[in-house]
Amino acid sequence: EAVAAAETDPLTLSAWILTQQHKSPGARGRLTVLLNAIGVGCKFVSSAVRRAGLAGMMGMAGSSNVQGEDQKKLDLVANEVFKNSLRRSGQCCILITEEEDEPIFIEEPFRGDYIVVFDPLDGSSNIDCGVSVGTIFGIYKAKNPGSGKYSLDDVLRPGTEMVAAGYCMYGSMSYMMITTGRGVAGFTLDPTLGEFVITHPNVQIPTKGNIYSINEGNAANWDPATKKYVEECKAGTYNKGKPYSLRYVGSMVADVHRTLLYGGIFCYPADKKSPKGKLRVLYEVFPMAFLVEQAGGKSTTGTSRSLEIVPDSIHGRAPIYLGSKEEVELIEKLKKECGCA
Ligand code: P6P
């Protein structure tokens, strides 16, 4: 029946977004317009990523971003695509992008009541070798909608105040995972239609996993609790004596996508080299933590819920351990026992 339904009732991303609007009493469809604009941006970037090798868009763009990372051509293309698509939606007042130092304030007549924080092309260091990369986004509604007065007070807020979040992974296919606070739905881009079609109507992360995902190259810098957790994964302590598998792509979207579907844990801990971890709170930690929680998993800094962080700057970082509920709780227990943050 599932196939028949798909052929006769193709639930595309746009149709699904509308169903979410119908569940929100009094909604006027503005978030619907905004989410569709993000979907269009993802289709454009998906097309650019697929053509990059042929269109000479691989390699460096010759500039660097606020992170001091070399910007690859596709980074810049993706950033411009989303800035234009979001501005044109007429629903945004502030944009925060990994690729720009400062917030972008949208002026009339294009200004709306939503703040979008996004990483236009995360994992871009992997582009030249064809490894999956992705777009990550999170959305807040302005504290005073319609007031015409917007500031960083609308941005530096805990992730619990996000109204929607998601990612699009450009891999073997292009997959989008999205939440508006009522669970997680997954879509696959059908290139013959140019539409994201629903393939995972209600994503539920397994409560326990047997995959751990962490950059073991940093092991010398880890805190005792992280070291202990990884040792026990290898010893099979948490899996009736059968060691876990290590899977680490080095592209957050790919590592989180696998964790959401297969279970397990993804970690980017703070360590001596990166005292606050590496991943960015607003447009990496919060959206992924929101999705994982909505899929029944957990996300922690090691000692507190990721979504309760109050960011102190738009490019601030935080440690993250996210995934299957039982795996994250093991880390939190070890952190308590060793008294380490
Ligand atoms: P490392 C990619 O540059 C990224 O921001 C994330 O996508 C990824 O999870 C992380 O950095 C990988 O970092 O230090 O392991 O290479």
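Couple of notes before you dig in:
- Placing one equal scatterer on every Cα of the stretch 101-151 and applying the Debye formula, the log10 ratio I(q)/I(0) at q = 0.28 Å⁻¹ is -1.10.
- The distance between label points at Lys208 and Asp312 comes to 3.9 nm (points 7 Å beyond Cα on the Cα→Cβ vector).
- Each other residue within a Cβ distance under 12 Å of Tyr248 adds +1 if Lys or Arg and -1 if Asp or Glu, for a net charge of 0.
- Neighbours of Ile17, meaning other residues whose beta-carbon lies under 15 angstrom from its beta-carbon, give a summed charge of +4 when Lys and Arg score +1 and Asp and Glu score -1.
- Euclidean distance of C-alpha centroids, the stretch 204-239 and the stretch 113-139, integer Å: 26
- Over the chain, dividing the summed -39,500 (n - 2.57) contributions of all DSSP H runs of at least 4 residues by the number of residues returns a 222 nm mean residue ellipticity of -9500 deg cm²/dmol.
- Within straight-line cross-link reach of Lys143, lysines at Cα separation under 24 Å, skipping those fewer than 8 residues along the same chain: Lys23, Lys83
- DSSP-defined beta bridges in the chain - what % are antiparallel, rounded to 5: 80
- Convex hull per residue volume in Å³, alpha carbons only, for the stretch 29-118: 83
- Annotation for Glu102 and Thr303: the two label points, set 7 Å from Cα along the Cα-Cβ direction, are 3.6 nm apart.
- q = 0.08, 0.09, 0.12 Å⁻¹, the chain: log10 I(q)/I(0) [Debye, one scatterer per Cα]: -0.36, -0.46, -0.84
- Net charge of neighbours whose Cβ lies under 11 Å from the Cβ of Glu329, counting Lys and Arg as +1 and Asp and Glu as -1: +3
- Fluctuation leader among Glu293, Glu108, Glu232 - the chain, Gaussian network, Cα springs under 10 angstrom: Glu108
- Taking 0.36 nm per residue of separation and subtracting the current Cα-Cα distance, fully stretching the chain between Glu69 and Arg51 would add 4.2 nm.
Taken together, the values in this text are just the output of simple stated rules run on the coordinates, not laboratory data. These numbers were taken from a predicted model, which means no experiment stands behind them. Ideal geometry is used to build each Cβ from the backbone, glycine not excepted, and the neighbour counts take in all protein chains shown.
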